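Single-structure report; data block below.
The values are calculated or read from the model by the stated rules, or taken from the named source; none is laboratory data. Predicted model only: the values in this text are computed from it and were never measured. Positions of Cβ are backbone-derived with ideal geometry, glycine not excepted, and every protein chain shown enters the neighbour counts. Protein only, heavy atoms only, side chains kept; ligands, DNA and RNA dropped before computing areas. Shrake-Rupley method; radii C 1.70, N 1.55, O 1.52, S 1.80 Å.
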Amino acid sequence: MEEQHKPFSPMPGPLARAAHHLYRYFAGFLLILFILWGGWHVKGQLADLSDKESLHQYLLDKSAELSKDISAAKEETVKSASSWKRATNGVLARQISELSAEIERKTSAVLALDNIANAINPTRQLEIARLNAEIALATQKRDYLLRIKEYRQGQTECSRITNNCETIRQRHVFDFSSYQQTVTQLVPLQKSWQAQYNALSQGYSLRKNLEKRRDALALKTQGHKANYAQCLASAQKDCSRKEPPPFALNSVAIDQAHASLQQITRELGDELSRHWLKSAVLDPIRAVLPMAIQVFIAALLGKLAIKFLLYFVLAPRAAHGRTICLVPNARSRQTASLKQNQSQLSLSVPLTAEDELLVHHGYYHSASTSSQKGARWLLSHKAPLLSWLSGLFNVTTVTTDSICEVTLSAGKYTLEELLPIKLRDGEAVSIRATHLVGVVKRRNTPLQITRHWRLFSLQAWLTLQLRYVVFHGPATLILKGCRGVRIEGADGERTIEQSATIGFSAHLNYGTTRTETFRPYLFGDSELLLDRFTGQYGIYIYEEMPTSSEPGGVTGRRIGGALDALMKLVGL
């Protein structure tokens, strides 16, 4: 009898395979190049950002230190200002000379530092700001000392001019008195004829002398008067100078001395705040990092608390609780011939005219040419969700009018092996539908599938399986398992890892027992509960190597296993 196999596509030629490999290697090279370039760029940006942040923090610290030093210098200057007025003229002159020399020296230093090369050097700008502040403070101090010196010089000059004015006044009084005496002496001579007209007389000569003296005294008196008025004006200028008020420090002028440094610091801070890496990555991370740490610690402690609660409180209660029996009146079976059933990579399934095979299209390999192949959307129209979630949709159907064999193979699923389980009429098995590859049932007879909920069972909630799917015979179930499927008789009591369990006879008592050691469970190396089966004349099925390395149960599921946990919850 001829067999019909899946069509195989021809192997590509050597050039096509070489081109394909070159394309893959070149794409990988471009990907590596892009990743390295991106890493180099991000590394450079991080280094630049780190340098700018360090420089900004350095400027902030040094600016604060400079402000502190300037404040201390201000306080010291204000405290020493009270002793300046009591200093001698020599001390004032020496202090003024020292301050002038200091201002000239520091001004020269600022001019030497203030160039284009140092305009972008923050360290130089810091030194310039310090020198400018010291220059502004020394200038105010020198100016106040000069005002004290000028006031004292004005007082001395006022005293000298006042004495000079008094001397001029006394001379004016003396000469004016002499003038009046001369005028009095001339009165009788002016009335005498001899003194007036006789040039040879003695009176005439005396009158002429007195008149000359009178005129000279008049001129001298007028000169004293003018000099006295000028002296009074000069004295008014020098004597009107007031004593300098108490020293008042102009803080604005000193603070403006390091305005350039503050501007550089502010611009650098604005540049940091606008940096894409800081605004888009670092600042959000720094903002949420404390909360993330708290959430992480709370989640870790919460998981530990839940594990302690489950292991020492709930798991013992579930182990001693009532077992689950899905179909108590299901037909039992003899287990003597179970050892003959061994899983294989490929499987030959015999079909008769009364049979119909529904198999996942990925496991169908070949069939006799006398068989009829078709496609069907769902494994069972009465259980569409079960068919879709377990992967048994768009299944391949095989029927025959006589007798034939269909070969099923794991194919590309290299770690899987297949095992058929024949269910007689009245026999029922609870199966995790994700391990179901295909079913051989009677033609034109729907596959009987029942669902059993256990919402009020503590062990159902701990194992996260509230619903059980039961397949009823007559039918042959084709199961898959990683590295093989093992079927054993349940005579007595047996425990199995939950992740390895595929199914069990529906009339058996299904329960759970707590794992023996706590430490492996605490660190996630073992599951909380083990499946426990009791009863007679039944079977349980498990795979050799569980496909999921993660522990099951409440605390063993991570985000990636959320869908698997949901499917397990509804018995799939």
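Restrict the check to the range 441-455 and report whether at least one residue is open to solvent by less than 30 Å² (accessible area, probe 1.4 Å) and under 25 Å from residue 530 (Cβ atoms).
Taking the range 441-455 as the starting set, the residues that turn out to be open to solvent by less than 30 Å² (accessible area, probe 1.4 Å) are 441, 447, 449.
Subset that is under 25 Å from residue 530 (Cβ atoms): none.
Checked against the condition, which is being open to solvent by less than 30 Å² (accessible area, probe 1.4 Å) and under 25 Å from residue 530 (Cβ atoms), the range 441-455 yields no hits at all.
What number of residues within the range 240-261 satisfy the criterion of being part of a helix (DSSP H, G or I) and touching a Ser or Thr at 6+ places or on another chain (Cβ under 7 Å)?
Total meeting the criteria: 1.
Taking residue 479 as the residue in question, decide whether it is open to solvent by less than 30 Å² (accessible area, probe 1.4 Å) and either at positive phi or within 49 Å of the chain's Cα centre (by Cα) (or both). Let's see the steps before the verdict.
Details: open to solvent by less than 30 Å² (accessible area, probe 1.4 Å): yes; either at positive phi or within 49 Å of the chain's Cα centre (by Cα) (or both): no.
No; evaluated as a whole, the condition is false for this residue.
Of all residues in the range 268-291 being surrounded by 12 or more Cβ atoms within 10 Å (Cβ to Cβ) and without any contact (Cβ under 8 Å) to a residue 60 or more places away in the chain, which is farthest from the chain's Cα centre (by Cα)?
Of everything passing the filter in the range 268-291, 279 is farthest from the chain's Cα centre (by Cα).
Any residue in the range 311-321 that is surrounded by 14 or more Cβ atoms within 10 Å (Cβ to Cβ), closer than 30 Å to residue 538 by Cα and within 40 Å of the chain's Cα centre (by Cα)?
Among the residues of the range 311-321, at least one is surrounded by 14 or more Cβ atoms within 10 Å (Cβ to Cβ), closer than 30 Å to residue 538 by Cα and within 40 Å of the chain's Cα centre (by Cα), which makes the answer yes.
Against the conditions (1) in contact with a helix residue (DSSP H, G or I) (Cβ under 9 Å, 6 or more places away or on another chain); (2) under 30 Å from residue 269 (Cα atoms), where does residue 111 fall short? Just the number, please.
Checking residue 111 against (1) in contact with a helix residue (DSSP H, G or I) (Cβ under 9 Å, 6 or more places away or on another chain); (2) under 30 Å from residue 269 (Cα atoms), the one that fails is (1).
When residue 447 is evaluated against the numbered criteria (1) assigned to a loop (DSSP other than H, G, I, E, B); (2) at pLDDT 90 or above, which criterion, by number, is the only one it fails?
Here residue 447 clears every test but (2).
Within the set of pairs 6+ apart or on separate chains, which have a first residue in the range 292-306 that is within 17 Å of residue 519 (Cβ to Cβ), a second that is surrounded by 10 or more Cβ atoms within 10 Å (Cβ to Cβ), and C-beta atoms under 7 Å apart?
That search, which allows pairs on different chains as well, returns 303/555; 306/554; 306/555.
If residue 222 meets every condition in (1) open to solvent by less than 90 Å² (accessible area, probe 1.4 Å); (2) in a helix (DSSP H, G or I) apart from one, which number is that one?
Here residue 222 meets the rest and fails (1).
Within the range 458-469, is there a residue that is open to solvent by 10 Å² or more (accessible area, probe 1.4 Å) and assigned to a strand (DSSP E or B)?
Scanning the range 458-469, I find at least one residue that is open to solvent by 10 Å² or more (accessible area, probe 1.4 Å) and assigned to a strand (DSSP E or B), so the answer is yes.
Scan the range 168-187 for residues that are among the aliphatic types (A, V, I, L, M) and touching a Phe, Trp or Tyr at 6+ places or on another chain (Cβ under 8 Å) and jot them down.
168
Pull up the range 521-572, narrow it to residues that are among the small types (Gly, Ala, Ser) and touching a helix residue (DSSP H, G or I) at 6+ places or on another chain (Cβ under 6 Å), then point me to the one that is modelled with the highest pLDDT.
526
Need pairs with beta-carbon distance below 6 Å; first residue more than 19 Å from residue 350 (Cβ to Cβ) and within the range 421-442, second of a type in the set (Val, Ile, Thr); sequence gap 6+ or separate chains.
428/327; 428/470; 430/470; 432/502; 433/469; 435/502
So residue 369 ticks every box in (1) free of Cβ contacts under 8 Å to residues at least 60 places away in the same chain; (2) open to solvent by 70 Å² or more (accessible area, probe 1.4 Å); (3) of a type in the set (S, T, N, Q) but one. Which box is left unticked?
(1)
Just give me the residues in the range 185-204 being open to solvent by 60 Å² or more (accessible area, probe 1.4 Å), farther than 27 Å from residue 171 by Cβ and not aliphatic (A, V, I, L, M), in sequence order.
188, 190, 191, 193, 194, 197, 202
Please find, within the range 428-444, the residue that is farthest from residue 352 (Cα to Cα) out of those that are modelled with pLDDT under 90 and polar (S, T, N, Q).
Top of the filtered list is 434.
Of the conditions (1) surrounded by 15 or more Cβ atoms within 10 Å (Cβ to Cβ); (2) part of a loop (DSSP other than H, G, I, E, B), residue 361 satisfies every one except a single condition; which number is it?
(1)
What are the residues in the range 405-435 that are open to solvent by less than 50 Å² (accessible area, probe 1.4 Å), in a strand (DSSP E or B) and either over 14 Å from residue 541 (Cβ atoms) or in contact with a helix residue (DSSP H, G or I) (Cβ under 9 Å, 6 or more places away or on another chain) (or both), if any?
Within the range 405-435, 406, 407, 408, 409, 416 meet the criteria.
Step by step: first the residues of the range 301-334, then only those that are outside any helix (DSSP H, G or I) and among the aliphatic types (A, V, I, L, M), then the one that is modelled with the lowest pLDDT. Which residue is that?
By that ranking, first place goes to 330.
Would you mention how many residues in the range 132-147 are within 11 Å of residue 103 (Cβ to Cβ) and aliphatic (A, V, I, L, M)?
Residues meeting the conditions: 4.
How about the range 166-198: which of its residues are of a type in the set (A, V, I, L, M), more than 29 Å from residue 236 (Cα to Cα) and touching a helix residue (DSSP H, G or I) at 6+ places or on another chain (Cβ under 8 Å)?
Passing the criteria: 183, 186, 189, 195.
Which condition does residue 377 not pass, out of (1) part of a loop (DSSP other than H, G, I, E, B); (2) more than 30 Å from residue 530 (Cβ to Cβ), if it passes all the others?
(1)
Considering only the range 265-281, how many residues are within 12 Å of residue 52 (Cβ to Cβ) and assigned to a helix (DSSP H, G or I)?
Here the count works out to 10.
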